[in-house]
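Engineer: Provided herewith is a single structure, encoded as structure tokens, for subsequent inquiry.
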Amino acid sequence: MNLIVAVDNNWAIGCKGGLLVRIPGDHKAFRQETAGKVVVLGRKTLQTFPQGMPLADRTNIILSANPSYRVKGAVVVHSKEELLEELKKYREEDIYIIGGESVYRMMLPYCQTAHVTKIDHIYEADAYFPNLDESEEWEITADSEEQTYFDIAYSFIKYERKKRKA
């Protein structure tokens, strides 16, 4: 299973229910990576999308504790157990966890690959992703050239969970 996230220098991912910054190159990479795949997200993350609608060209699985919550064009699950059962229908390499903070934290133990856009800036934030650089379980396996969007520098980093020694 994969996850995809954009973080600042403090591993912040959001503020007041929104993204820290919108970078077209990051959005393009996100679209390319997840097109035709399965995306898993929470209800609050869905509300930040255009018109609060599921992403096109993907299977959207929304996690919401509200048992009556429904979303046209998406699968809605109501617990971690229900989510894990639903995900058995798909190939692990086709599943991408896309947020928000609580969904990332809940699903991180199940992920093998993390696609992280690192933004070289510190933003005001109230939502964070676990710092993979401080984790002994993760290692960087790919790193892009630094990109810039106006005065914002960023790069695409691929982390993979280290194989456990037998």
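Engineer: What's the total number of residues in the stretch 79-111 that are among the hydroxyl-bearing types (Ser, Thr, Tyr) and touching a residue at least 60 places away in the same chain (Cβ under 8 Å)? So that I can check it myself, show each step before the final result.
Structural biologist: Here is the first cut: in the stretch 79-111, the ones among the hydroxyl-bearing types (Ser, Thr, Tyr) are 79, 90, 96, 102, 104, 110.
Filter again for touching a residue at least 60 places away in the same chain (Cβ under 8 Å), leaving 96, 102, 104, 110.
So the count comes out to 4.
Engineer: Taking the stretch 113-134 as the search range and keeping residues that are exposed (fewer than 13 other Cβ atoms within 10 Å of the Cβ) and of a type outside the set (Asp, Glu), which one is farthest from residue 33 (Cα to Cα)?
Structural biologist: That would be 122.
Engineer: Give just the number: which of (1) modelled with pLDDT of 95 or more; (2) touching a helix residue (DSSP H, G or I) at 6+ places or on another chain (Cβ under 8 Å); (3) surrounded by fewer than 19 Cβ atoms within 10 Å (Cβ to Cβ) does residue 137 not satisfy?
Structural biologist: Here residue 137 clears every test but (2).
Engineer: Which residue pairs have Cβ atoms under 8 Å apart, sit 6 or more places apart or on different chains, and have a first residue in the stretch 143-166 that is open to solvent by 70 Å² or more (accessible area, probe 1.4 Å) and a second that is in a strand (DSSP E or B) and among the aromatic types (Phe, Trp, Tyr)?
Structural biologist: The qualifying pairs are 143/156; 146/154; 148/154; 162/138.
The values are calculated or read from the model by the stated rules, or taken from the named source; none is laboratory data. Given the structure is predicted, the values throughout are model-derived calculations rather than measurements. Ideal geometry is used to build each Cβ from the backbone, glycine not excepted, and the neighbour counts take in all protein chains shown. In case anyone asks, the SASA skips ligands and DNA or RNA and just uses the protein heavy atoms, side chains included. Shrake-Rupley method; radii C 1.70, N 1.55, O 1.52, S 1.80 Å.
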